[in-house]
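Peer 1: Okay, handing you the structure first.
The values are calculated or read from the model by the stated rules, or taken from the named source; none is laboratory data. The model shown is predicted, which means the values in this text are computed figures rather than measured ones. In this analysis, Cβ positions are derived from the backbone assuming ideal geometry, glycine residues included, and neighbour counts consider all displayed protein chains.
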Amino acid sequence: MKQIDQVANGAKFIADTPHRESHDRCLWAARMRRDAVAQQIPEWEEMRGLASLVKMHTLSNLDVYLEEFEKNAIANGIHIHWAKDATEHNEMVYEIFKAHNVKIVTKGKSMLMDECGMREFMAEKGMQIFEADLGERIQQLSNERASHIVMPAIHKLRGDVAQLFAEHMGSDPTNDDPHYLNSVMREDMRKNYIKVDAGMSGVNFAIAETGGIVVCTNEGNADISANVPPLYVASMGIEKLIPRASDLPLFVRLLSRSALGFHITQYTSHYHGPREGQEMHIVIVDNGRSERLAKPGYWEVLKCMRCSACLNTCPVFRRTGGLSYDAPYMGPIGIVLEPSYDLHLYAQLPYSCTHCGSCGNVCPVKVPIPELVFMWRNELVDKREDLLSHRLEMDVASQILRSASRLTWAEKFALSALRHAPKGLLDSRLNPWTINHVNPEAPQETFREYYKKQQSTDKEQ
Ligand code: SF4
């Protein structure tokens, strides 16, 4: 099977200057806001450390907390289901819908449902799904997946959205005013809301102690899904648990500040059971999480709370756009998550990293992303899933670097080649480095020769 080539996909986005510049600007602004609000909290770093410890404690006792959550949720009148993988999740949700004769569903934004391919599954079953999140709805109308965890359509320009809405909703294609576009979408979605039979949402936090869930949004889309229809289904990964209600403020304080640089999300909604006359279900999904938990050196990836701070700061992500990863998860967290779903398909993603380390510095729960990138590269080499060209380069380098005389010879050879090879050859496509760089003038001597000369001059003085 062909591997995802993020470099080739990203090159197309880089070549599209207006989109790339807007994307980079918007995400860097979010990163700057994040820094400003974090600096207003003197105990910010202590909060990150504490959140990481709470998550590590929860993951170390996950079986206990999952059972506690289930018991308390059932006592609250919630139906609990366990799905071992994406297929089981989709089928379970479909069975619930079938039992209630559901035809039209509204759903809030959920990375887990994207991971499970739920929208496509339901469409095949003839179910009509309306995304209630503005960005996600834009992506649905474009027939594209989300390009960012919390801003799904951030790679688009206002003009793109105006064109899209004109196509699908007959609005003015020349009016790209955000207020106008918002009102077009609102009017269209309201017609749908009154028809929906069921609502769905993801889960940001599930509290073992209370059996309740918390969903954070900026548009209230989860609230529409949870409150308007007579049936509400929430899907959560097993890692969404926190032990106590008193742990929640710590995570809520970190989440929105890390994501968008806002003090809090517009809506932080708590659901502790169905409202009167409603039925509420929670599907708890594994889909490879237990294996990640059992993988030495990797399990900390489950601390991730999908805030997207690592995306906003990543120089590769900001320039290449989320769709270039061609995967449900993108950016730094995507390149360390996706290989655990399919090592071969996503084998090149861990190489889409400059090792600047910025993702690890901003992560509110201290997921060690830079270390996990190295871990995957090691595993890819061990399993011979890395690119053949990388392997050949490394084999040659390892032969040279293990012998001082070979290294001296190689330095001299490289210097001579740089000085005497025709310029056209050095600046050709055979040397991809020069696509975006100007070759410097070759020095007269190798560094080793220069160093030796300096040492003897120092001795003579
Ligand atoms: S890895 Fe950290 S920074 Fe990235 S999305 Fe997850 S919690 Fe946020």
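Peer 1: Could you list, in sequence order, all residues of the stretch 298-308 that are in a helix (DSSP H, G or I) and either within 9 Å of the ligand (Cβ to nearest atom) or assigned by TED's automatic domain parsing to the domain that holds GLU136 (or both)?
Peer 2: Start the filter on the stretch 298-308 by keeping residues that are in a helix (DSSP H, G or I), which leaves 299-303.
Within the stretch 298-308, VAL301, LYS303 meet the criteria.
Peer 1: Could you grab the pairs with beta carbons closer than 6 Å, sequence gap of 6+ or different chains, first residue in the stretch 199-216 and buried (at least 22 other Cβ atoms within 10 Å of the Cβ), second one of a type in the set (Asp, Glu)?
Peer 2: Listed pairs, sorted by first residue: ALA208/GLU68.
Peer 1: Mind listing whichever residues of the stretch 77-111 are crowded, with 18+ Cβ neighbours inside 10 Å and either part of a loop (DSSP other than H, G, I, E, B) or in contact with a Leu (Cβ under 6 Å, 6 or more places away or on another chain) (or both)?
Peer 2: ILE78, VAL102, GLY108, LYS109, SER110
Peer 1: Tell me, which helices (runs of 4 or more DSSP H) lie completely within the stretch 309-419 with 1 or more residues that are more than 16 Å from the ligand (Cβ to nearest atom) and buried (at least 22 other Cβ atoms within 10 Å of the Cβ)?
Peer 2: On the way: elements: 309-313, 315-320, 331-337, 358-362, 369-382, 388-401.
Helices (runs of 4 or more DSSP H) meeting the threshold: 315-320, 369-382.
Peer 1: Among the residues of the stretch 170-198, write down those that are closer than 30 Å to ASP286 by Cβ and either without any contact (Cβ under 8 Å) to a residue 12 or more places away in the chain or of a type in the set (Asp, Glu) (or both).
Peer 2: Of the residues in the stretch 170-198, the ones closer than 30 Å to ASP286 by Cβ are 196-198.
Of everything in the stretch 170-198, just one residue is closer than 30 Å to ASP286 by Cβ and either without any contact (Cβ under 8 Å) to a residue 12 or more places away in the chain or of a type in the set (Asp, Glu) (or both), namely ASP197.
Peer 1: Okay, next question. Residue by residue through the stretch 42-59, note down the ones that are in contact with a strand residue (DSSP E or B) (Cβ under 9 Å, 6 or more places away or on another chain) and not aliphatic (A, V, I, L, M). Please lay out each step first, then the result.
Peer 2: Within the stretch 42-59, the first condition is being in contact with a strand residue (DSSP E or B) (Cβ under 9 Å, 6 or more places away or on another chain), and the residues that meet it are 54-55, 58-59.
Matches in the stretch 42-59: LYS55, THR58.
Peer 1: Right, another one. Assess whether LEU260 counts as being away from the ligand (no atom under 13 Å from the Cβ), surrounded by fewer than 23 Cβ atoms within 10 Å (Cβ to Cβ) and of a type outside the set (Ser, Thr, Tyr).
Peer 2: Working: away from the ligand (no atom under 13 Å from the Cβ): no; surrounded by fewer than 23 Cβ atoms within 10 Å (Cβ to Cβ): yes; of a type outside the set (Ser, Thr, Tyr): yes.
Judged against the criteria, LEU260 is not a match.
Peer 1: Give me the residue from the stretch 141-179 that is surrounded by 21 or more Cβ atoms within 10 Å (Cβ to Cβ) and of a type in the set (S, T, N, Q) and, out of that set, farthest from GLY202 (Cα to Cα).
Peer 2: The residue in question is SER171.
Peer 1: Separate question: Residues in the stretch 143-156: is at least one under 24 Å from LEU27 (Cβ atoms), under 23 Å from the mean Cα position of the chain (by Cα), assigned by TED's automatic domain parsing to the domain that holds MET200 and without any contact (Cβ under 8 Å) to a residue 40 or more places away in the chain? Even if it seems obvious, please write down each step before you answer.
Peer 2: We begin by selecting, within the stretch 143-156, every residue under 24 Å from LEU27 (Cβ atoms); these are 143-156.
Still in the list and also under 23 Å from the mean Cα position of the chain (by Cα): 143-156.
After this cut, where a residue has to be assigned by TED's automatic domain parsing to the domain that holds MET200 as well, the list is 143-156.
Of the ones still in play, those that are also without any contact (Cβ under 8 Å) to a residue 40 or more places away in the chain are 143, 153.
Yes: the stretch 143-156 contains one or more residues that are under 24 Å from LEU27 (Cβ atoms), under 23 Å from the mean Cα position of the chain (by Cα), assigned by TED's automatic domain parsing to the domain that holds MET200 and without any contact (Cβ under 8 Å) to a residue 40 or more places away in the chain.
Peer 1: With the requirement that a residue be of a type in the set (S, T, N, Q), part of a loop (DSSP other than H, G, I, E, B) and closer than 22 Å to GLU393 by Cα, what does the stretch 420-461 give you?
Peer 2: Looking only at the stretch 420-461, we keep the residues that are of a type in the set (S, T, N, Q), and these are 428, 431, 434, 436, 439, 444, 446, 454-457, 461.
Next cut, part of a loop (DSSP other than H, G, I, E, B) only: 428, 431, 436, 439, 444, 446, 461.
Of everything in the stretch 420-461, those that are of a type in the set (S, T, N, Q), part of a loop (DSSP other than H, G, I, E, B) and closer than 22 Å to GLU393 by Cα turn out to be SER428, ASN431, ASN436, ASN439, THR446.
Peer 1: Just to be sure, is ARG275 more than 16 Å from the ligand (Cβ to nearest atom), in the same structural domain as ARG145 (by TED's automatic domain parsing) and out of contact with any strand residue (DSSP E or B) (no Cβ under 8 Å at 6 or more places or on another chain)? Break it down into steps so the answer makes sense when it comes.
Peer 2: Details: more than 16 Å from the ligand (Cβ to nearest atom): yes; in the same structural domain as ARG145 (by TED's automatic domain parsing): yes; out of contact with any strand residue (DSSP E or B) (no Cβ under 8 Å at 6 or more places or on another chain): yes.
In short, yes.
Peer 1: On to the next question. Of the residues that make up the stretch 99-114, is at least one over 23 Å from the mean Cα position of the chain (by Cα) and at positive phi?
Peer 2: Within the stretch 99-114, one or more residues are over 23 Å from the mean Cα position of the chain (by Cα) and at positive phi.
Peer 1: Look through the stretch 56-107, keep the residues that are among the basic types (Lys, Arg) and at pLDDT 95 or above, and return whichever of them is farthest from TRP299 (Cα to Cα).
Peer 2: Kept after step one, since they are among the basic types (Lys, Arg), are these residues of the stretch 56-107: 71, 84, 98, 103, 107.
From the residues that got through so far, the ones that are at pLDDT 95 or above too are 71, 84, 98, 103.
Numbers: LYS71: 26, LYS84: 18, LYS98: 36, LYS103: 39 Å.
Here the residue is LYS103.
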